[in-house]
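See structure below.
The values are calculated or read from the model by the stated rules, or taken from the named source; none is laboratory data. All of these numbers come straight from a predicted model, not from anything done at the bench. Please note: Cβ atoms are built from the backbone with ideal geometry, for glycine as well, and neighbour counts cover all protein chains shown. Just so you know, the surface numbers come from the protein's heavy atoms only, side chains and all, with ligands and any DNA or RNA stripped out. Shrake-Rupley method; radii C 1.70, N 1.55, O 1.52, S 1.80 Å.
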Amino acid sequence: MHGAAAAIGARKSSALWVAEPFRIFFPLGLLLGAIGAALWPLFVWHAILFYPAQAHVRLMIEGLMGSFIIGFLGTAGPRLLDASPLLAVETCALVVLQIASALLHLTQRQTVGDIVFLVFLLLFLGMMARRARARARHDLPPPQFVLVLFGLLNALAGIFLITAAKSMTNGLFANQLGSLMLNEGFVLFPILGVGAFFFPKLLGGAKPEQSDLRIAAALWVKRAAIAVVTAVVIWSSFVLEALGWIRTAALIRGVTTLTYFVMQGHLLEKPSGPPFLAQCFRLGALLLVAGLFLPVALPGYRLANLHLTFIGGFSIILFTVSTRVILGHAGQSDLFRKRLRFLIAALALLIVATITRVGADFIPPARNSHLVYAALIWLLAAIVCACALGPKLSLSDE
């Protein structure tokens, strides 16, 4: 009897990991991000011989951020569509493709790695499209998720442009535009979309309810239209930046992002529920916006600007949302009311890493040492979160 119960428990556990793929993709993304961050210390210490700039970018964007985006959407998407969760073969196929893409980037085969990642995204979109067509309900998904879809399309188009640029006589514009769409748009749009839907839940401290999604069709169309306009304006800023209008592009992108966060995501409203996670998300959002605005004043420090956006903005938001998702699905929503020490420590480390990495570009003689310090501090923040949240990935809220 004990053996039979153990077998049933094992089957339920494996089914849970497949049906809620964040349990696989969050730790996988953190691992790929850790490898991407570790490339700089390994290069400075001469442990690797190749210059890791491209591999670092791809592992942080496609590996880290891509895994968290797909893990979140792969879990939330079927629920929002009232459709069946991912099947074991679907989740396994996605995991294999993501790992294959990362390995290709590590071996400096960027084009093939990008193509594999493109297939990975197309496969996921196909899974969600099939469920959307087959769903029995008539409610619409959150209108803010138009931006999430736009982010995925930006990644696809960005990879296409980057790959096509290599065969063009003068592919500089296509490569720059594709890089902006992949490295910024792919992450920025989902953060805006998920943030506008998710942050009000943090303000109230409540778990999203199905009734929240039953909004009037006219209101849905209005919010979706606002999301589309926001996406088009931000995408136009990518075009302007690729054309060399850096200050103008940064101003447009920063103003549009801040406006959407404030008007649609209620970013500056006072929480009516437990404020801790809302404050953490707000911190990340404001640092993200600061990184978008910084090129207006310092257009010549592109890498510094990007790392303020990525470490201070994207990473803090990612750690905060991941904490909310993991604790909620582990049946520990009571912790939402507490100031989580591990998250405070992790976010403090991320802020220090941000300052260290941004400062590196202003101190050329000490640049390499600052790159090492920033990478090690980011890794420490990741380890803190992994140790605190890793054991909870196997827990269920049922």
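Exposure check, 1.4 Å probe, all protein chains in place: Lys338 carries approximately 110 Å² of accessible surface. Residues considered: Thr356, Thr91, Thr107. Largest GNM mean-square fluctuation over the chain, using C-alpha springs under 10 Å, is found at Thr107.
GNM remark for the chain: springs join alpha carbons under 10 Å apart, and the peak mean-square fluctuation among Ser237, Ser167, Ser84 falls on Ser167.
For the pair Ala47 and Ser396, label points projected 7 Å from Cα toward Cβ lie 3.9 nm apart. Distance between the modelled labels on Arg337 and Arg302, one decimal in nanometres: 5.0 nm (7 Å Cα→Cβ projection).
Per residue, the solvent-accessible area of the chain (1.4 Å probe, heavy atoms of protein chains only, all protein chains present) comes to 43 Å². Where a ≥ b ≥ c are the square roots of the eigenvalues of the C-alpha gyration tensor, would you call the stretch 247-398 rounded, which needs a/c under 1.5, or, failing that, prolate if a/b is larger than b/c, or oblate? Verdict is oblate for the stretch 247-398. Fully extending the segment from Ala217 to Ala15, taken as 0.36 nm per residue of separation minus the present Cα-Cα distance, adds 69.2 nm. Here Glu269 and Ala129 are evaluated by their C-beta separation; at R0 = 35 Å the FRET efficiency comes out at 0.50. Counting every C-alpha pair in the chain, the share spaced more than 28 angstrom apart comes to 46%. Using only side-chain charges placed at the Cβ, +1 for Lys and Arg and -1 for Asp and Glu, the dipole size of the chain relative to its Cα centre rounds to 400 debye.
Quick one: pull the percent of accessible area on the stretch 54-120 belonging to carbon and sulfur, 1.4 Å probe, ligands and nucleic acids left out.
Solvent-exposed carbon and sulfur of the stretch 54-120 make up 75 percent of the total.
Solvent-accessible area of the stretch 316-372 (1.4 angstrom probe, protein heavy atoms only): carbon and sulfur portion equals 62 percent. Computed over the chain with a Gaussian network model linking Cα atoms closer than 10 Å, the most mobile of Leu123, Leu283, Leu49 is Leu49. Calculated mean residue ellipticity, 222 nm, the chain: -24000 deg cm²/dmol, from DSSP H runs (n ≥ 4) at -39500 (n - 2.57) each, averaged per residue and rounded to 500.
Calculate the all-directions average of the projected area of the stretch 35-193's alpha-carbon convex hull, and give it in nm².
10.2
For the chain, lysine pairs separated by 8 or more sequence positions, or belonging to different chains, with Cα-Cα distances below 23 Å total 10.
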